[in-house]
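See structure below.
The values are calculated or read from the model by the stated rules, or taken from the named source; none is laboratory data. From a predicted model like this one, the values you see are computed outputs, not experimental measurements. All Cβ positions, even for glycine, are placed from backbone atoms using ideal geometry, and neighbour counts span all protein chains on display. Note: accessible area is taken over every heavy atom of the protein model, side chains too, but ligands, DNA and RNA are not part of it. Shrake-Rupley method; radii C 1.70, N 1.55, O 1.52, S 1.80 Å.
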Amino acid sequence: MRILGNEIRLRPHFTFLLLAYVLLGVAIEMPLSAASVSTSNPDCFFARVASRLLSSEINVNLTQIEIYPTNQYTPAVHRLLQVTANIYDATSTNHFPAVFRPLFNVDAFGDVYLIGYTNVPCVSDPSQLSAPIEAVTLATTPNLPAVVVTNVYNVPWIIAARKGFPTFNEFVGENMVGFTRRLQFTRNTSGAMPNQLLPILQTNQMYLLSVSSSGGLDFWNSYTNNFTDPVTVAYRVITFLSLTNSDASAAGDPGGVVPSVPWPLGYFSSSSVSFSGWPGTGQWIGGQPNTNSFYIPMNFVAFSELSNAVYRTPYASVAAGTLPSGFSAPSLVWTNYFNNVGQQMLAIFETNVPAGQQFYVPQWGLLTTNQLQVYILDKDSSGTNHVIDYVNLDQSGSQDLNNEIFSDDGNAVEPQGIWNTNIDVKRGIPWGIYNQINISKGLESIPTEDGTWQGDPEASTYGSSIQAQQADFAAFFFPYGATATVNDSYGMGSASNLDATVQAPYAPTRYAVGYTVWVANDPLVHYTTTDLKPRLAMNIFSEYNNSISNVPPPVSKTFQLGQLSYDYSPWGGNPFILANSPQSVPPPQAIALMQQDSLIYSSDDWDFPTNQMLNTSWLGRVHRGTPWQTIYLKSADILQEVDVSGGVTNHGVDYWQQWIRDANMADATNMAPVQDWNVVGILAAMFNTNNFTSLVSVNDPNTNDWLDVLDGLMAVTNSTPAEFLDISADSPQASTIVSAIQALRMNQPAGYFLNLGDILATPQLSMQSPFLDLAATSNITDEEYEAIPSQLLSLLRVDSVGTAVSASGQVVFQFTGDDSQSYAIEASSDLVNWTSISTNNPVNGVFTFTNSPSVNGGAQFFRSVLVGN
């Protein structure tokens, strides 16, 4: 097979695939084309456009997006749905943003699919805002209709990006697990003589656990003006916690497994408040907006899930007291329970010698699930409620509590730390317990990371002062009845001890703290958990485990609601950080044209189009669903950027992933700005109302044709004030642009642009426009950068390009084309006489044709001919 001019020439028995360039314009019969989409019906528009974009960009079918058991609803899927809603909203004159609600189906196998969307112009039924359910719940619900209308966590409503409305801003959940270790020592005092050294029979231990949670959230009017409409702000917050323990070897069965034992905990909070007069950001002071622009319905409400519960291990016997009925090992026993002899559970110490499980330490874990539903309703003058924001999030996580509590306390070579579990071979006890004994005797100082003095609850028998407790405990290890003297930083104490059992007066406490933080950067991007991942890492050990207080500071010390978050990063960077930093120059990434729109310093600076006819001239002003960025018509590709700084090479793909917070590289790549090149190419064809024959091929090699296309377009300069110039075909700037387009075309892999949007990679159309003063770029807006390509796209058409492959004795052709047009496949044996074989209409930009090789083995030629619609 070889390419001859504008046809594909086939010779039999070739089985390789060849991409062929098939020129349009041969035997064209072209009537005026009607627009292939209409905005008269929002449901039809959304389905038509979203389906086309999803299938072309990420090979996803809008009517069959699986969400359970496999979840195909990724951030890249959501972005294209968001772009569709934003485009539709640009054609609307409605005061409220366009809203599209997902629809679901459950098949016979229990698989759950998102099958489409329906427009929600207003809330007429409270059930529309019912509490979301998990997809697995939907999968197991019997007798469902073919179309299920419900709310499912992590499948958000699509709310168009409309300027001027308050939005959800931040949720913070804190879970704190406290560990306290108490020690008990016993000796046989029966018949003991004065000054007789009595050996310690048992060193017993007890773990006390506590679990608490707190959470808060806020909403924000990020615009300068007050929002005067009556609103209803509602939220539901649910947190599920499971405290678990596990071990790899069971007593008497080293190869066995003790399964994880969960103790379910959690909390629920909800509220709905209606009010009018939501203050705007006003005059910012010190990089902070008016604090009243934040609405905080839940401000770190605290919940105590577990308080001082004693852990009963699966191995050790009870040294004192017995478990009440209904409890078995392993278990958590609340300290307000009493056993059958009236002993409070606080007395449960366990021996540490049976079955080789000496000083057993469980493998502790905490499983967390946070679920959030929030919405804002705006009531119009007729009393009808309109949804202006809706979020339903669900995220699970886990913490290795042992790693947080025990891992930083040294090893057998360096026997430091109160939680060191390595055995002191000489004494047969862990180093951590040995250190706890020495602190209790007054021989070592109290480690600051494990809190202040935790005294023996029986301390009143010998005095409550620290030195008195230390002296009494030290005397327990002296000859029977001998007096022990302690002189340390707390003072001097002396005592003799005749008890058979004593507790170590110092009981260390350490906390493991875990967060769920969802916080917006761009207020218009907050509908998936990925959108809301905090970009600033938290060092839990630094913040809490090194605190001098045994009770960690409140969560609000680190995460303060009702003020600008550190993650808020418009053009120029975070205003609060800049206002309180000695550096007056924004970091390079805060002014990256490939990452966000230039000169959009706050929400007020957006200029979203409204009341537009369908065309490409305004697409570049539509929000693209990634932070602080509209649909991308510029030339640079952030994924190809490399920044070498300080000997470290940072690649653009890393920057991009950090910016959009998507750890999935493939998904993040599908969301890259340059993906919009193909998007706008598709939309240009879908929105086209011009006669297709009047459009210039994006691969036209004729320089004069390109100069004619540019002639009369408007260019923008960044002079002061900015000038709007009509481009002249005979201007040197026009020649510069055309030469750059042709050079880029010739450098394409096949020597031509495969897609209409590929032309946007020409720097001279945008970022290196000859009409701009590139030495003074601080005053160029995104709209000015993209002025020429936004006008040019509607004047171009993409060519029909064919591929061919021979298989099973037949040749299968696939041709690209515009969905609104018809194409004839014509065949010839001599390149002179052509016969029409079939007429085809592309679906999602392609159509196929199958043909058998010529019977006589002669050459066959095929071409795709545009015949109209």
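Largest to smallest in accessible area, the residues 92, 496 fall in the order 496, 92 (1.4 Å probe, all protein chains included). Rounded to the nearest whole Hz, the Karplus-based 3J(HN,Hα) values (6.51 cos²θ - 1.76 cosθ + 1.60, θ = phi - 60°) of the range 652-667 follow the sequence x, 5, 5, 4, 5, 4, 5, 5, 8, 6, 9, 6, 7, 4, 5, 5, with x at glycine and proline. Available extension along the chain between residue 829 and residue 750 is 25.9 nm, counting 0.36 nm per residue and deducting the alpha carbon span. When all alpha-carbon pairs of the range 175-252 are counted, what percent fall beyond 22 Å? Of all Cα-Cα distances in the range 175-252, 67 percent exceed 22 Å. Distance between the modelled labels on residue 424 and residue 381, one decimal in nanometres: 8.2 nm (7 Å Cα→Cβ projection). Within a straight-line Cα-Cα reach of under 26 Å, residue 634 can be paired with the following lysines, leaving aside sequence neighbours fewer than 8 residues apart in one chain: 163.
A 1.4 Å probe, protein heavy atoms only, puts the accessible area of residue 723 near 90 Å². At a 1.4 Å probe radius, carbon and sulfur cover how many percent of the accessible area of the range 638-742? Result for the range 638-742: 50 percent of the exposed heavy-atom area is carbon or sulfur. Per atom type, the range 63-145 shows carbon and sulfur on 53% of its accessible surface, probed at 1.4 Å. Shown for the range 728-780 is the translational diffusion coefficient from the Stokes-Einstein equation, using the Kirkwood radius over Cα pairs, a temperature of 20 °C and a viscosity of 1.002 mPa s: 177 µm²/s. Accessible surface for residue 193 stands near 120 Å², nearest 10, in the context of the full protein assembly shown (1.4 Å probe).
With both residues required to sit in the range 104-259, DSSP beta bridges show an antiparallel share near 95%. At 7 Å along the Cα-to-beta-carbon direction for both residue 703 and residue 59, put a label point, then send me their distance in nm to one decimal. So the label points at residue 703 and residue 59 sit 4.2 nm apart. All C-alpha pair distances within the range 717-869, sorted into 5 Å bins from zero, spread as 2, 8, 14, 15, 13, 11, 10, 8, 7, 5, 4, 3, 1, 0, 0 percent across the bins.
Per residue, the accessible area of the range 707-815 comes to 41 Å², computed with a 1.4 Å probe over protein heavy atoms only. Straight-distance candidates among the aspartates and glutamates for linking to residue 441, with alpha-carbon spacing under 15 Å and chain neighbours fewer than 8 residues away dropped: 456, 472, 488. Summed over the residues of the range 584-625 and divided among them, the accessible surface reaches 42 Å² per residue at a probe radius of 1.4 Å.
Starting from one equal scatterer on each C-alpha and no solvent at all, send me the Debye-based log10 I(q)/I(0) for the range 756-820 at q = 0.12, 0.20, 0.24 Å⁻¹, two decimals. These q points yield log10 I(q)/I(0) values of -0.51, -0.84, -1.02.
In the range 569-703, one over the average inverse separation of all distinct C-alpha pairs is 17.2 Å, which is the Kirkwood hydrodynamic radius. What's the whole-number percent of alpha carbon pairs in the range 76-191 lying beyond 21 angstrom? Here the long-distance tail beyond 21 Å is 57 percent of all Cα pairs in the range 76-191.
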